[in-house]
Every structure is written in structure tokens, then in C-alpha cells.
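Right, one structure below, let's go through it.
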């Protein structure tokens, strides 16, 4: 029983680890990060497969954590899909390193490793390894030069950017 407990603890701890070349941003201001972010690009995962018009909305929780509401449109099902979770800082709240849970008690890493510190208009975010990557922005489109620069940065850090999915935000259906 003791070995199983240790294995579970190690597994759960591993989920909030970070890729070798990634460093979370410092001087992170949670209050400036709150609000709606549009998913510009992502690496493929089953929980978002087939979704377009994907957004993430962040708001402060009473317990000091962050409420996360992810939303995307499934054209196949002609329906909006939502997932609500909660996130907490792994260390200090001025570092972009959080753990997020959509399915208690399991947490995964949420690491902001590139951020427009001046205006909080774009961000690169990853999970515990290089198979998780999101390019987020405050609007559904970003300047092509900025997109190229952020993708190149992620590529140099070991992410498979040649398999990125670019999210369609055109012709939004009714909410």
C-alpha cells in the first residue's frame, strides 16, 4: 500500500512538472491576466479535438485561485462545449507557473513562458511536457510577424510546431 501511495504522489507531482527548456515568466500579474483569451494555435489533444472558436476565460476565485472556463465550438455536434476548472500557483503568484484541474483531484501544469508584459495581449503557454502548447491572444487574430516570432520561439524550445492547429474564429455561431 505504501508503494502505491508513493507511486500516485510521484505521478501527480509529475503532472505539474515542466519541460526542460521552459522557464515560467517572472513579474506575472494575475489581475492583468484575467479575462478572455482566444486560442490562436495549439498542439492536438483529445480534449480539444475538433473544436474551433476556442476561448479561455480567467477570473479570480474567493480562495485565491483562478477560475478557468474553456469554451469551444464543435461543428460536428453543432454545439458549444465547455469545461470549468480551477488553477492555483505552484509557487509565488508573481511567476507564471500554475497547476490547473478540470477533473479533481488531478492537476496538470499550466506554464506561461512568454508574455506581453506591457499589455497582456499575447502569451505562450505549455503543460508538463512539450506535447502541450497554446498560443493565446486577447483577440481572435494576431499580426503574422508576431505569430511567426512566437512559433519560432516555441520551436527552438523543443515544441513540434509543424503540427500546430490554427484555430478558426470566423463566423461565430450564436452563444
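The values are calculated or read from the model by the stated rules, or taken from the named source; none is laboratory data. Being a predicted model, the structure only gives us computed values, none of them experimental. Neighbour counts run over all protein chains shown; Cβ positions are idealised from the backbone, glycine included.
Please verify whether residue 45 is within 19 Å of residue 17 (Cβ to Cβ) and in contact (Cβ under 8 Å) with a residue 24 or more places away in the chain, treating the condition exactly as stated.
Yes, satisfied.
What are the residues in segment 91-128 that are touching a strand residue (DSSP E or B) at 6+ places or on another chain (Cβ under 7 Å), surrounded by fewer than 18 Cβ atoms within 10 Å (Cβ to Cβ), assigned to a loop (DSSP other than H, G, I, E, B) and at pLDDT 95 or above, if any?
94, 116, 121, listed by residue number.
Select from segment 29-55 the residues that are farther than 28 Å from residue 162 by Cα and under 15 Å from the mean Cα position of the chain (by Cα) and write down the one among them that is surrounded by the most Cβ atoms within 10 Å (Cβ to Cβ).
If we take residues in segment 29-55 being farther than 28 Å from residue 162 by Cα and under 15 Å from the mean Cα position of the chain (by Cα), then 30 is surrounded by the most Cβ atoms within 10 Å (Cβ to Cβ).
Need the failing condition index for residue 131 against (1) in a strand (DSSP E or B); (2) under 13 Å from the mean Cα position of the chain (by Cα), just the number.
Status for residue 131: all satisfied but (1).
In contact with a helix residue (DSSP H, G or I) (Cβ under 7 Å, 6 or more places away or on another chain) and within 17 Å of residue 23 (Cα to Cα): which single residue out of 124, 150 fits that description?
Only one candidate qualifies: 124.
Just checking, how many residues over segment 56-87 are in a loop (DSSP other than H, G, I, E, B) and loosely packed, with under 15 Cβ neighbours inside 10 Å?
Qualifying residue count, segment 56-87: 8.
Would you check which residues across segment 33-55 are assigned to a strand (DSSP E or B) and more than 20 Å from residue 88 (Cβ to Cβ) and list them?
Once the filter is applied, which keeps residues that are assigned to a strand (DSSP E or B) and more than 20 Å from residue 88 (Cβ to Cβ), segment 33-55 yields 36, 38, 39, 40, 41, 42, 51, 52, 53, 54, 55.
With the condition kept exactly as written, say whether any residue in segment 144-160 is touching a strand residue (DSSP E or B) at 6+ places or on another chain (Cβ under 7 Å), assigned to a loop (DSSP other than H, G, I, E, B) and exposed (fewer than 14 other Cβ atoms within 10 Å of the Cβ).
There is no residue in segment 144-160 that is touching a strand residue (DSSP E or B) at 6+ places or on another chain (Cβ under 7 Å), assigned to a loop (DSSP other than H, G, I, E, B) and exposed (fewer than 14 other Cβ atoms within 10 Å of the Cβ).
In the list 70, 78, which residue meets the criterion of being farther than 21 Å from residue 117 by Cα and at pLDDT below 95?
Going through 70, 78 in turn, the sole match is 78.
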